[in-house]
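Right, one structure below, let's go through it.
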Amino acid sequence: MASVDKCILCGLCRQDSQLLTLTGKETLTARGKAILIKKDVLDKIFYIDPLHNSTVRNCPTNVDIAEEVRKRREKMVEEGMETVANRRMIENIRQFGTPYGKLRKEEITEVYS
Amino acid sequence: MNLWFEKLVGKENISSDVVDCEVYSTDGSQIRGTTHNVLWVNTAQEVHQIVLYAKRNKMDLVPRGAGTSLVGGTVPFNSLVIDFTKMDRFTIKDDRVIAEPGVVLDHLNSCLRDKFFPIIPENSAVCTIGGMCGINATGIYERKYGRMSDWVEDVEMIDGTGKLRTYGNEVLGTEGIIGVITKVTLKLAEIVIERSMDIFKCETIEEVVDKLAHVQFHKHILAIEFISLRAATLCGLETKYYLVLEYDGLEGDIKDYDEIQRIRAIRKNVFRRLAEKGFVYREDASFSLDRLGELLSWLEHKGIPSFGSVGSGYLFPCFDERKDIREFYGYIKEIRGAIGKVFGYGILKKEFVPDELKEKLTLMKREHDPHEILNMGKVI
């Protein structure tokens, strides 16, 4: 897997972008993210991403954009640019072991073991 | 300004946000420009109003499909970028398709049953009809089906004066400098049911040239694809020159559908393999077939891998450094070849626009976009 510097902006990752299908916005594609990472942009846009690996399948230079976005999120957390939702989710995981927070008994409908 | 656009296209379809502008400031060419605003359009009426606005306010407009141009065809210079991704509807009527510019070619072909649109570029999975019209695209089957202009019946376009008119295929290849396409009527071809292939592995360039001379006038040939020795080696294939012939009939020795698909996939993945090895800059050279031997010798001598539709007179050499490309351009001029006939001219290859074409485009630009509001700095 290659780092984002190898991205040649060919746009072939557009074919697997579910967010592009939903919104029509290039900014939400893997190429959009690569452009922003190359420019060292820190923005909440990096939280709007399913982080699926299908984009890698069609990347001619094998850029692992999902990993790059993960790293960017780490950097944003370090710099205090976390989203409220993300912070709450992590607090919930630490405190209750689930991203949803403390569930009331009646909310637990199925238990898998 | 933003308020006016918000009323026109809706708040969610306009952005001057620095993040969006950054992303839309470049394309497959990796050239960087600057974006003033991005607009995602849904209808021809919206496009019309935007063109009229740009004309009134003397703003540059850049129409953008998938943004895969390798020559900077959609790079803005403080421009309004119109993204056509959402204008992707089409209607099928007998052997015609009326398509909006944002239709993706593979998606269109997957919706057709016994017909297909035969101009299939390598990036057909993402390229849009609007972009293909812009550069009068060609595809792997050019030998049989020609170019985009052979399969476009008419084009609905809003020119730089704001007039919405229907044109013939004479506006194809104008790279968005005279008007913004809003609808295209495409002709469809009968699907080819019986296909077969032959693969020739050649030891020398002379053998390639001889073989090509022998097969090129075969009437059932759909495509003659070539992979150079250097490219084959880098791709992990046998160290030979490859000629892959595809027929619309059962002339070839390879008739098994799965095997044909496997060979096609190998051929389609050549650029991917080369890019993995660092040969990421792809060029397009066209030449007369009697100069093929010379060109191949030169490329192999320099260690430049190449592949392409030699049957149509195109070759795509791949480079690992941009600085090596200049020398290649010089050589192509020397052998009276041409650059830009496949990928278009955009910003990067303006110097290769033939005089005749430049003159024609300049006249068209003067007539259709006298205020110079469309795709500034491209082609002419």
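The values are calculated or read from the model by the stated rules, or taken from the named source; none is laboratory data. Keep in mind that what you see is a predicted model, and the values were worked out from it rather than measured. In this analysis, Cβ positions are derived from the backbone assuming ideal geometry, glycine residues included, and neighbour counts consider all displayed protein chains.
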Is segment A:71-81 home to any residue that is surrounded by 14 or more Cβ atoms within 10 Å (Cβ to Cβ) and outside any helix (DSSP H, G or I)?
yes
Take segment A:8-26 and flag every residue that is part of a loop (DSSP other than H, G, I, E, B) and more than 9 Å from chain B (Cβ to nearest Cβ).
A:Ser17
Condition check: part of a loop (DSSP other than H, G, I, E, B), touching a Lys or Arg at 6+ places or on another chain (Cβ under 7 Å) and among the small types (Gly, Ala, Ser). Does B:Gly173 satisfy that?
no
Assuming B:Asp94 fulfils every condition listed in (1) more than 24 Å from B:Ala223 (Cβ to Cβ); (2) in the same structural domain as B:Asn136 (by TED's automatic domain parsing); (3) within 23 Å of the chain's Cα centre (by Cα) apart from one, which condition is it?
(3)
Lone unmet requirement of (1) closer than 21 Å to B:Lys360 by Cα; (2) free of Cβ contacts under 8 Å to residues at least 60 places away in the same chain for B:Gly160:
(2)
Reported set for segment B:182-202 where residues are of a type outside the set (D, E, K, R), under 28 Å from B:Leu222 (Cβ atoms) and not in a loop (DSSP other than H, G, I, E, B) is B:Val184, B:Thr185, B:Leu186, B:Ala189, B:Ser196, B:Met197, B:Ile199, B:Phe200, B:Cys202
Set B:Arg326, B:Arg322, B:Arg282: member being more than 13 Å from every other protein chain (Cβ to nearest Cβ), more than 16 Å from B:Val208 (Cβ to Cβ) and of a type outside the set (Asp, Glu):
B:Arg326
Would you tally the residues in segment A:27-47 being over 11 Å from the mean Cα position of the chain (by Cα), surrounded by 20 or more Cβ atoms within 10 Å (Cβ to Cβ) and facing chain B (nearest Cβ under 7 Å)?
4
Verdict on B:Phe271 being in contact (Cβ under 8 Å) with a residue 12 or more places away in the chain, among the hydrophobic types (A, V, I, L, M, F, W, C), more than 30 Å from B:Ile158 (Cα to Cα) and touching a Cys at 6+ places or on another chain (Cβ under 6 Å):
no
When the residues of segment B:14-29 are filtered to those that are buried (at least 20 other Cβ atoms within 10 Å of the Cβ) and among the polar types (S, T, N, Q), which remaining residue is nearest to the other protein chains (Cβ to nearest Cβ)?
B:Thr26
